[in-house]
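Read the structure below first, then the notes.
None of the figures in this text is laboratory data; all of them are computed from the coordinates on show. What you see is a predicted model; the values in this text were computed from it and never measured. Reconstructed Cβ throughout: ideal geometry from the backbone, glycine too, with neighbour counts over all protein chains shown.
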Amino acid sequence: MLNCETGMGKTFDIGLERLTGGSGFSIGSAITTKNEDCAAQVGARAEASELDAIRGALRGTFFLETFGCQMNDHDSEKVAGVLLSRGYTQVESPDSASLILYNTCSIREKAAQKVFSRLGEFGLKQDEGRIIGVLGCVAQQEGEEIFRRAPWVSLVCGSASYSKLPELLARVEAGNQRVTGLDTDTDETFETPVTRRDNPWRAYLTIIEGCDKACSYCVVPYTRGPERSRGSDSILGEVRQLAELGYSEVQLLGQTVNSYADPTARKMRFSELLLAVAETPGLRRVRFTTSHPRDFTQDIVDAIDTQPKLCNHVHLPVQSGSTRVLRAMQRTYSREEYLEKIAMIRGAKRPISITTDIIVGFPGETDEDLAETLSLLDVVRYDAMFSFKYSPRPHTPSLKMSDAIPEEEKSRRLGILQEKQREIQAVRYATMVGERFELLVSGKSRRENQWSGHTSCHRVINFSSQEQALLGKYVQVVVTGATPNGLSGEQAP
Ligand code: 5AD
Ligand code: SF4
């Protein structure tokens, strides 16, 4: 399962960098792909059409807002690629777009509600002739109900149907008012000839879509459909192209990335794929997320041990420290079995950072269960934790479970959990002062000589340097300061 919101993990960046927003850091100019010939064709078509004045003026522009996890971020990069290759130009504001798309998340209720509030804002603009589309998990979950709640929407497309997106868009462009792509039985993965990537140094690559696990609280198997792995030859081909384009870091994505099952005759194991990707000339770092504990095996640790380009970070969501709750969650492992996986990772020859996701307030969770989760934090001492209050979701088995925990009690438990992790991080990070890390520089502060970047183990460090033009470069940094939520440092010679 990929992360959707951050909890305690500020120094850890599991998601796509959002360095342009509010943090005082900005990312270097992103690589964008634009097909000028197609743009000209679309322009010619527009002349012939009878679109109203606003639609005519805005023709061929799209605005795409993404909610949720890295998988959604990366899907949006691919959707943008499809649109660019159809001659559209991306714009920064919905006001200047003829096509407005929301790529949505429904993992928790709050995330799903955001979309409807956005759609509400656009009801007023219905008569301006803009096309509005809802993509992703809320689209899949709500289906045609979206047309009822927001009749100004013309396209509803779930993530399992993205491979049909060009065809669906063509129907919308032709003036169809109610176009849907809601199949989840497709065995195709979403590959496009053009992907517009947001980050100029790190490329995301989905290697497995959907999920065949059946965690009782989780809507993903419903919204993203069954597991489909992409062929290893196609993955390796794209990785080579990415390296040639200058990306030095690749992150392999999947809801359960390590459940990868190569559909080609090569039948590469996940660990073999990791090693093969890492051997690509030009690449310096390979990451993967998110791992499911049940499919996490010794050969993955061995691969990280033998190949320094494989980043020393594993995101291994536990969800609860209580075997009783894990059973109710249908997580397919006990506390002890999870701890065996942790021991396997801790047994590696080089230190590997471990991060996790935890849900509090699952139906029936007792104070004793919470105590078990707290004691698990003491045992594992995670580098970062993402924590969530249980949110009942449509179509999930846990929806019907009794003993719901009241909201205030969930908040209380979340507070206790986060305080515990804060203490653990404070101690961990304090011991890092004086340590040296290699960073991929990905952000520049508005403050002079201040930069930020990621370690191989995926910590974000803000650091000072007198050098110029560091974005995208690898530098050595010594940690000089630590708080429970952040590390700071100076560039080292
Ligand atoms: N309620 C709260 N958190 C959830 N997650 C998934 N489904 C739910 C839910 N119904 C959390 C899990 C997962 C992370 C991405 O989101 O911890 O690992
Ligand atoms: Fe992750 Fe379980 Fe949801 Fe699958 S069902 S995406 S394994 S939390």
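Can you give me the relative contact order of segment 371-452 as a percent, contacts being Cα pairs under 8 Å and 6 or more apart?
Once divided by the residue count of segment 371-452, the mean separation gives 31 percent.
Gap in Å between the Cα centre of segment 331-383 and the Cα centre of segment 151-187?
40 Å
Using the Cα centre of the chain as the reference point, and only Cβ charges (+1 on K/R, -1 on D/E), how large is the resulting charge dipole? Debye, rounded to the nearest 20.
Dipole of the chain, to the nearest 20 debye: 560 debye.
What net charge is computed for the residues neighbouring Glu435, neighbours being all others with C-beta under 12 Å from the C-beta of Glu435, Lys and Arg scored +1, Asp and Glu -1?
Local net charge: +2.
Please give me, ordered by residue number, the GluC sites (Glu not before Pro) of segment 74-148 that lie in loop per DSSP and have at most 13 other Cβ atoms within 10 Å.
Taking segment 74-148 and a limit of 13 other Cβ atoms within 10 Å, the loop GluC sites (Glu not before Pro) found are Glu92, Glu144.
Show me the GluC sites (Glu not before Pro) within segment 403-458 that DSSP assigns to loop and that have at most 14 other Cβ atoms within 10 Å of their Cβ.
Here the sparse-neighbourhood loop sites are Glu435, Glu448.
Helix 36-48 against the longest principal axis of the chain: what's the angle in degrees, Cα atoms only, rounded to the nearest 10?
Result, in degrees: 40.
From the gyration tensor of the Cα coordinates in segment 134-254, what semi-axes in whole Å does the equivalent ellipsoid have, largest first, with each one equal to sqrt(5λ)?
Equivalent ellipsoid semi-axes, largest first: 28, 19, 12 Å.
Assuming R0 = 25 Å, what is the FRET efficiency of Arg324 and Glu409, from their Cβ-Cβ distance, to the nearest 0.05?
0.90
Quick one: which residues, 5 or more positions from Cys457 or on another chain, have an amide H under 5 Å from its amide H? H modelled 1.01 Å from N in the peptide plane, none for Pro or chain starts.
Asn312
Hey, any idea what the orientation-averaged projected area of the convex hull of segment 208-321's Cα atoms comes to, in nm²?
7.5 nm²
What number in nm² do you get for segment 186-257 if you take the convex hull of its Cα atoms and divide its surface by four?
Projected over every direction and averaged, the Cα hull of segment 186-257 covers 5.4 nm².
Mind checking which lysines have their Cα closer than 16 Å to the Cα of Lys444? Skip sequence neighbours fewer than 8 apart in that chain.
Those lysines meeting the cut-off are Lys473.
For segment 367-441, report the convex hull volume of the alpha-carbon atoms normalised per residue, in Å³, without decimals.
Roughly 154 Å³ of hull volume per residue.
Output the pairs from Lys309/Lys341; Lys213/Lys349; Lys78/Lys349; Lys78/Lys114; Lys164/Lys213 with a Cα-Cα distance over 27 Å in this structure; if there are none, say none.
Over 27 Å apart, Cα to Cα: Lys213/Lys349; Lys78/Lys349.
Helix 335-346 versus the longest principal axis of the chain: what angle, 0 to 90°, nearest 10, using Cα atoms?
The angle comes out at about 80 degrees.
When all alpha-carbon pairs of segment 357-485 are counted, what percent fall beyond 24 Å?
47 percent
Determine the gain in length on full extension of the stretch Thr332-Gln450; use 0.36 nm per residue of separation and subtract their C-alpha separation, reporting nm with one decimal.
37.9 nm
Just to confirm the number: angle between the C-alpha axis of helix 367-380 and the first principal axis of the chain, 0 to 90 degrees, nearest 10?
For 367-380 against the chain, the angle is about 80 degrees.
Using 0.36 nm per residue of separation minus the Cα-Cα distance, give me the extension gain between Arg178 and Ser465 in nm, one decimal.
97.9 nm
Non-local amide H neighbours of Gly225 (under 5 Å, H modeled in plane, Pro and chain starts lacking H): which ones?
So Gly225 has HN proximity to Cys211.
If you consider only alpha-carbon coordinates, what radius of gyration and Dmax does segment 59-171 have, in Å?
In order Rg, Dmax, the Cα atoms of segment 59-171 give 12.8, 35 Å.
So for the pair Ser402, Glu167, with labels modelled 7 Å out along Cα→Cβ, what separation do we get in nm?
Distance between the two pseudo-spin positions: 4.8 nm.
Kindly give Rg over Rh for the chain, based on alpha-carbon atoms, with the Kirkwood expression for the hydrodynamic radius.
0.96
If r is the Cβ-Cβ distance from Asp305 to Arg149 and R0 is 51 Å, what FRET efficiency results, to the nearest 0.05?
Efficiency, from the Cβ-Cβ distance: 0.50.
Not counting the cut sites, what is the longest span of the chain without trypsin sites (Lys or Arg not before Pro) that DSSP labels loop and that have at most 10 other Cβ atoms within 10 Å?
Formally, the longest exposed-site-free interval is 1-266.
First measure r as the distance between the Cβ atoms of Glu188 and Thr264, then evaluate 1/(1 + (r/R0)^6) with R0 = 22 Å and state the FRET efficiency to the nearest 0.05.
Plugging the Cβ-Cβ distance into 1/(1 + (r/R0)^6) gives 0.90.
Among the DSSP beta bridges whose two residues both lie in the chain, what percent are antiparallel, rounded to the nearest 5?
The antiparallel proportion sits near 35 percent.
Do you know the relative contact order of the chain, to the nearest whole percent, from alpha carbon pairs under 8 angstrom that are 6+ apart?
Averaging sequence separation for qualifying contacts and normalising by length gives 14 percent for the chain.
State the volume of the convex hull built on the alpha-carbon positions of segment 291-360, expressed per residue in Å³ and rounded to an integer.
Each residue corresponds to 73 Å³ of Cα convex hull volume.
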